[in-house]
Amino acid sequence: MVPISPKTQRSDAISPEDLFIWMWLVENAGLVQAAVGIVTALVWFVYLQVLVSGVRRQRRTEILIHLGGSRSLDGRLFISNLGFEPIYILEILLTLRTPYGERETSVADRTEIAKEEVKNPVATTSQGPLKSGEFVDIGSFDDLLQRAQRNTSDDLQADGVSRVELKVAAISAASSAVVAAKRQFCITFDAGKCRIRPKTVYATQIRSWWGRCRLKRELEMELEQ
């Protein structure tokens, strides 16, 4: 038999610190299990929040209103769908600020196109579906002013308009609720030349409950006209 040296006995012995930790774990086993359960629940909660945020981000609409080609009255206005889900454009409302007050009217229909020039009925309106990443040209600024003049029977001139707000209402494939975006443009004249300047870098999304309810009332009022 090989004798056990004192050095080996000392290395195999449990130190007082380890013994204290072991006894503490035994005495507080219930507390340790509860702490592990809480940490596990927190991990799953964070994971669930990340998952829900990803789903909401995929279903969230993002409508872009962009002025391109020119910063004058012949500049074209484009509506783009940057969301993951397709949308259907229901209505396009134009609000004009003049010295006599504000005027709001629909400019979705291309009333500047003569009936004899129409080859496809789809070309007579800006309403319709937009897939993810698609855009539609709704006309120039001058076209929108002409449509507003026809709908309101007002003598609207560009030099009498100081600010324009374009509002796009749509239905998302992910939800039956109305989704919308708006963007304002300032109109100024310098030496007889018209300059149109957006007030914001990109369109403001109307996501709040109050904003969507107000927009719904505006659409209902537009139907009664």
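The values are calculated or read from the model by the stated rules, or taken from the named source; none is laboratory data. Treat the numbers as computed from the prediction; the structure is a model and nothing was measured. Glycine also receives a Cβ, built like all others from the backbone with ideal geometry; neighbour counts cover every protein chain displayed.
Among the criteria (1) at pLDDT 80 or above; (2) under 20 Å from Ser208 (Cβ atoms), the one Ser70 does not fulfil is (2). What number of residues in segment 173-199 are within 26 Å of Gly128 (Cα to Cα) and either at pLDDT 90 or above or surrounded by 20 or more Cβ atoms within 10 Å (Cβ to Cβ) (or both)? Result for segment 173-199: 8. When segment 200-225 is limited to residues that are over 24 Å from Arg76 (Cβ atoms) and among the small types (Gly, Ala, Ser), the one that is surrounded by the fewest Cβ atoms within 10 Å (Cβ to Cβ) turns out to be Ser208. The C-beta contact set for segment 19-31 (first residue modelled with pLDDT of 70 or more, second residue surrounded by 11 or more Cβ atoms within 10 Å (Cβ to Cβ), distance under 6 angstrom, 6+ apart or interchain) is empty. For segment 78-138, the strands (runs of 3 or more DSSP E) that sit wholly inside it and include 1 or more residues that are of a type in the set (Gly, Ala, Ser), assigned by TED's automatic domain parsing to the domain that holds Ile65 and surrounded by fewer than 15 Cβ atoms within 10 Å (Cβ to Cβ) are 101-106, 128-130.
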